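Student: Handing you this structure, nothing more for now.
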Amino acid sequence: MDATSLTRTMTPTPEQMAQAVDDAVTVVESATTTTPLARNDRLSNLTGAEVWLKREDAQPVRSYKLRGAYTLMSQLDEEQGRRGVVCASAGNHAQGVAWSCARLGVTGQIFVPTTTPRQKKDRIREIGRDQVELIVTGETYDAASDAAKAEAARSGRVLVPAFDDPRTIAGQGTVAAEIVAQLGHAPDTMILPVGGGGLLSGCAAWLSVHAPGCRVIGVEPTGAACVIAGLKASRPVSLPEVDTFVDGTAVRRAGDVTLGLIERLGFQVADQAAGGASRVVMTIPEGQVCTEMLAMYQTDGIIAEPAGALASAALRRGPHDSIISIVPGETVVAVVSGGNNDISRYNEVLERSLIHEGRKHYFMVSFPQEPGQLRRFLDRILGPNDDIVLFEYVKKSNREAGPALVGIELGDPNDIGALMSRAAASPIRVEPIPADSTFFRYLV
């Protein structure tokens, strides 16, 4: 079954999808860039493996999403092209659709949530030129998706799903085919970021036929693990809450087609899988993604968005990191899925990274209303290599103690125990603000 035979409503077998990916390769090659596959010294030295990064951030729209959008839209007939298209996206799929609209001469309406970074919204308008209308609505991708579906039903425009369509999936799966062609063989392990499951299902289906020995690892952010929720429930389920920081994968509900393929391919949840499982989906904390984003920027010279750093972040080796088990000497490919990052977000990236690594902590400190208490705090509680990075003090004259919000950056994250011991021995009351508290959300 070729890509043009697939319809939006059908769920293909892995074999049918692999064939559709093969057919989509020619379509994709005619319109997109063959992106670099580069060995990464930092991650190779860290893991002892041969780690390669597939640089999908080097696409014309700085994301692999162009592959799926163009594969689907290239199949529109004359009447469908006249009616135009509509889509919903967190930003990257929208750019793929906008680029395809400009190239194919098709008009499009693009719905994005309010959480979409300004950089992505500006790029959508720039890439689509006068062919697209950008509509910002809803707080999540799923809200924008509902609006796009309603518009498609009202106007007759063709809906171009971001992931839950076999034609889109076929286009995304060409990433795996291109990696194998560039390497000259299949890697031992391929690591893929996961949002709605299009990239994972397309690549894994193609590999199941052409390189069944390749281990495939899907990585979701902890705050938006919709595929894992679907695997546990054996059906797509809607997450009650979604952390939208990794905006490219902030999906509340996995697709029906994508999850069906992922289940057929035998994927397991990492905490339920037996050792050595070859098809696994795992989660990593958003802070771990931030630490990897900074390493990619500072060491590798790569400007990755959060979703773009999601796959390689699973190779980190910090004390608070969730990691993939890697055999020294094996060949590993991690996909850098996108590079559409707003530079203004780096302050938050740094903050989340420091908290994840245990270097930054927030406290409510109650100072006795006596002279010299701040000096006592500095001399007897704070370590010699620690810094106060936030201090908001409110003196209450009618109370015996005055509270202060204090942020401390430790010179060594292992020093937190000693700091708390010194605080316990002091008349100054120091209360950590837990990361899961409502108040903490106002700080980060």
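Student: For the chain, modelled as a Gaussian network with Cα springs under 10 Å, which listed residue fluctuates most, Val336, Val27, Val175?
Tutor: Answer for the Gaussian network model of the chain: Val27.
Student: Between Thr114 and Asp436, what is the FRET efficiency for a Förster distance of 22 Å, r being their Cβ-Cβ separation, to the nearest 0.05? Don't skip to the end; give the middle numbers.
Tutor: Values: r = 25 Å, r/R0 = 1.12.
Efficiency computed from Cβ-Cβ geometry: 0.35.
Student: In deg cm²/dmol and to the nearest 500, what is the mean residue ellipticity at 222 nm of the chain if only DSSP H runs of at least 4 residues count, each as -39500 (n - 2.57), divided by the residue total?
Tutor: After summing the helix terms and dividing by the residues of the chain, the value is -11000 deg cm²/dmol.
Student: Using a ≥ b ≥ c from the Cα gyration tensor of region 61-129 (square roots of the eigenvalues), is it rounded, prolate or oblate, where a/c under 1.5 gives rounded and otherwise the larger of a/b and b/c decides, a/b for prolate? Write down the numbers at each step before the final one.
Tutor: On the way: a/c = 1.99, a/b = 1.73, b/c = 1.15.
In terms of gyration-tensor shape, prolate.
Student: Within 10 Å of each candidate Cβ there may be at most 16 other Cβ atoms; applying that plus a DSSP loop requirement, which GluC sites (Glu not before Pro) in region 88-190 survive?
Tutor: Details: sites: Glu126, Glu133, Glu139, Glu151, Glu178; in loops: Glu139.
Those satisfying the criteria are Glu139.
Student: Can you check what the net charge comes to around Ala38, using other residues whose Cβ is under 14 Å from the Cβ of Ala38 (Lys, Arg +1; Asp, Glu -1)?
Tutor: Details: positive: Arg39, Arg42, Lys54, Arg55; negative: Asp41, Glu50, Glu56, Asp57, Glu178, Asp300.
Surrounding charge for Ala38 is -2.
Student: On to the next question. Report the extension gain between Glu330 and Arg42 in nm, rounded to one decimal, defined as 0.36 nm multiplied by the number of residues separating them, less their alpha carbon distance.
Tutor: Details: separation 288, 0.36 × 288 = 103.68 nm, distance 1.54 nm.
Here the answer is 102.1 nm.
Student: A further question follows. Return the loop-located trypsin sites (Lys or Arg not before Pro) in region 40-91 (DSSP other than H, G, I, E, B) with at most 12 other Cβ atoms within 10 Å of their own Cβ; answer none if there are none. Don't skip to the answer; put the middle values down first.
Tutor: Details: sites: Arg42, Lys54, Arg55, Arg62, Lys65, Arg67, Arg82, Arg83; in loops: Arg62.
Sites meeting the loop and neighbour criteria: none at all.
Student: Anything over 24 Å Cα to Cα? Flag those among Lys149/Lys232; Lys54/Lys120; Lys54/Lys149; Lys121/Lys360; Lys65/Lys120, in the order listed.
Tutor: On the way: Lys149/Lys232 27 Å; Lys54/Lys120 21 Å; Lys54/Lys149 32 Å; Lys121/Lys360 32 Å; Lys65/Lys120 13 Å.
Too far apart for the 24 Å limit: Lys149/Lys232; Lys54/Lys149; Lys121/Lys360.
Student: Among Asp412, Asp23, which comes first, second and so on when ranked by fewest other beta-carbon atoms within 10 Å?
Tutor: Result, fewest neighbours first: Asp412, Asp23.
Student: Continuing with the same structure: Of the GluC sites (Glu not before Pro) in region 216-314, which ones lie in a loop per DSSP and count no more than 13 other C-beta atoms within 10 Å?
Tutor: Numbers: sites: Glu241, Glu263, Glu286, Glu292; in loops: Glu241.
The qualifying sites are Glu241.
Student: Obtain the nm distance between the two label points defined at Arg429 and Val389 by a simple spin-label model: each point lies 7 Å from its Cα along the Cα-to-C-beta direction.
Tutor: Computed distance between label sites Arg429 and Val389 equals 2.7 nm.
Student: Okay, next question. Once both labels are modelled 7 Å past Cα along the beta-carbon direction, what's the Leu374-Glu29 spacing in nm?
Tutor: 6.8
Student: Take Glu126 and Arg235, extend 7 Å from each Cα along the Cα→Cβ direction, and tell me the distance between the two endpoints in nm.
Tutor: In this crude spin-label approximation the distance works out to 4.5 nm.
Student: Which of these values of Rg and Dmax of the Cα atoms in Å was calculated from the structure shown: (i) 32.5, 99; (ii) 22.9, 68; (iii) 24.0, 81?
Tutor: Identified label for the calculated read-out: (iii).
Student: For Asp256 and Leu183, what is the calculated FRET efficiency with R₀ set at 30 Å and r taken between the beta-carbons, to the nearest 0.05?
Tutor: Details: r = 33 Å, r/R0 = 1.09.
Working from the Cβ atoms, E equals 0.40.
Readers should treat all values here as calculations from the given coordinates under stated rules, not as data from a laboratory. Because the structure is predicted, anything quoted here is derived from the model rather than measured. Positions of Cβ are generated from backbone atoms using ideal geometry, with glycine treated the same way; all protein chains shown enter the neighbour counts.
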